[in-house]
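Asker: Below is the structure I would like to discuss, written out as structure tokens.
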Amino acid sequence: MVRLSVCVEMIFRELPFLDRIGAVAEAGFPAFEFWGWRSKDIKAILERKQDCGLAISSFGVDPSARIVDYSTRNEFIKGVKDSVETAHKLECSRLIVTTGNEIKGVPRETQHQNIVKSLKEGARLVEKTDVILVLEPLNILVDHKGYYLYSSSEGIEILRQVDSPNVKLLYDIYHQQITEGNLIATITKNIGSIGHFHSADVPGRHEFGTGEVNYANVLRKIDELGYEGFVGLEFMPLKDSKEALEMVKRTGKPAR
């Protein structure tokens, strides 16, 4: 059954960062995730993770380079190298990659190819490891105006051109409901290319059951397709964090 991971950057924000890890375990979820790592105490995170018996489902390549601009490739490659080392320390196999904002005056095809070239170089660093880079499209209508990669279809085309088993898509259900809808059909068609999911309801980016997405159906389909990774809960709770997560359990019916 689908396994859910709690994003501690958005949930349990009322607690100090390290205490959020224990709160995830107490809430009955098997994993947590976060964004950047350079400003965090990696040793302390690992100790809390192990003490609580949790997995870390993902975190971001840091710094997040602007890979639409190929001149930043050295920064990106260093970020991948450093982040892979940290991923190994934390026993995590998914690193989130973002593209950066679109460069005005530069053809989209040029920026598209810059992303492909950078990811090909990044792929060479991770293909001999168990780490997978997951490329994330974001919506530009509500949350990330100016961001380059907004559609899952272009994301899949980038993956086809990169042609690496260690580079996949981060399919964010919230962002793609805003951008293109057609969630279940798109997930079904591309499940083999998806390395991680994020989720929140639409509109508002809150917990399941507050908006229009039928998460019980979406998660059931993801499970039926044989997906073995995590679905990240990346939402802003309207209720107390514990209560919001209980609402997710009731709405999405996670197994564990």
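Asker: Suppose we filter Asp201, Asp240, Asp223 for residues that are over 22 Å from Val142 (Cα atoms) and either within 18 Å of the chain's Cα centre (by Cα) or of a type in the set (Ser, Thr, Tyr) (or both); which single one remains? Break it down into steps so the answer makes sense when it comes.
Answerer: On the way: Asp201 fails: over 22 Å from Val142 (Cα atoms); Asp240 fails: either within 18 Å of the chain's Cα centre (by Cα) or of a type in the set (Ser, Thr, Tyr) (or both).
The unique qualifying residue is Asp223.
Asker: Identify all residues within region 232-255 that are of a type in the set (A, V, I, L, M), over 18 Å from Ile178 (Cα atoms) and not in a loop (DSSP other than H, G, I, E, B); write none if there are none. Give the derivation first.
Answerer: Step one: list which residues in region 232-255 are of a type in the set (A, V, I, L, M), which gives 233, 236, 238, 244-245, 247-248, 255.
Applying the additional criterion that residues be over 18 Å from Ile178 (Cα atoms) yields 238, 244-245, 247-248, 255.
Scanning region 232-255 gives Ala244, Leu245, Met247, Val248.
Asker: So, one more: Scan region 33-70 for residues that are touching an Asp or Glu at 6+ places or on another chain (Cβ under 7 Å), buried (at least 18 other Cβ atoms within 10 Å of the Cβ) and more than 27 Å from Val2 (Cα to Cα) and jot them down.
Answerer: The answer is Ala65, Val68.
Asker: What are the pairs, 6+ residues apart or on separate chains, where a residue within region 153-169 that is within 15 Å of Gln113 (Cβ to Cβ) has its Cβ under 7 Å from a residue that is polar (S, T, N, Q)?
Answerer: Pairs found: Leu159/Ser193.
Asker: Tell me, please, whether a residue that is of a type outside the set (Val, Ile, Thr) and within 17 Å of Leu133 (Cβ to Cβ) can be found in region 42-54. Break it down stepwise before answering.
Answerer: Step one: of region 42-54, the residues of a type outside the set (Val, Ile, Thr) are 43-44, 46-54.
Checking which are within 17 Å of Leu133 (Cβ to Cβ) leaves us with none.
No.
Asker: Filter region 200-214 down to residues that are under 17 Å from Arg250 (Cα atoms) and touching a residue at least 40 places away in the same chain (Cβ under 8 Å) and give me whichever is surrounded by the most Cβ atoms within 10 Å (Cβ to Cβ).
Answerer: Glu207
Asker: I'm trying to understand the selection: among the residues of region 35-65, which are part of a loop (DSSP other than H, G, I, E, B) and β-branched (Val, Ile, Thr)? Quick ask: steps written out before the conclusion?
Answerer: Here is the first cut: in region 35-65, the residues part of a loop (DSSP other than H, G, I, E, B) are 35-41, 53-54, 61-65.
Residue satisfying the conditions is Val61 alone.
Asker: Let me ask something else. Taking region 194-210 as the region of interest, how many residues are within 14 Å of Gln177 (Cα to Cα), of a type in the set (D, E, K, R) and outside any strand (DSSP E or B)?
Answerer: 1
Asker: Search region 28-41 for residues that are closer than 18 Å to Leu233 by Cβ and pair each with any residue that is of a type in the set (Phe, Trp, Tyr) and exposed (fewer than 15 other Cβ atoms within 10 Å of the Cβ) when their beta-carbon atoms are under 6 Å apart and the residues are at least 6 apart or on different chains.
Answerer: none
Asker: Give me the residue from region 71-112 that is of a type in the set (Lys, Arg) and not in a helix (DSSP H, G or I) and, out of that set, surrounded by the most Cβ atoms within 10 Å (Cβ to Cβ).
Answerer: Here is the first cut: in region 71-112, the ones of a type in the set (Lys, Arg) are 73, 78, 81, 89, 94, 104, 108.
So of that shortlist, the ones also not in a helix (DSSP H, G or I) come out as 94, 104.
Working: Arg94: 24, Lys104: 6.
So, considering only residues that are of a type in the set (Lys, Arg) and not in a helix (DSSP H, G or I), the one surrounded by the most Cβ atoms within 10 Å (Cβ to Cβ) is Arg94.
Asker: Can you pull out the residues in region 1-31 that are buried (at least 20 other Cβ atoms within 10 Å of the Cβ), modelled with pLDDT of 95 or more and either hydroxyl-bearing (Ser, Thr, Tyr) or in contact with a Gly (Cβ under 9 Å, 6 or more places away or on another chain) (or both)?
Answerer: Leu4, Ser5, Val6, Cys7, Ala31
Asker: Still on this structure: Give the residues of region 14-27 that are in contact (Cβ under 8 Å) with a residue 60 or more places away in the chain and under 18 Å from the mean Cα position of the chain (by Cα), sorted by residue number.
Answerer: none
The values are calculated or read from the model by the stated rules, or taken from the named source; none is laboratory data. The structure presented is a predicted model; accordingly, all values stated were derived computationally and were not measured. Methodologically, a virtual Cβ is constructed for each residue, glycine included, from the backbone with ideal geometry; neighbour enumeration extends over all protein chains shown.
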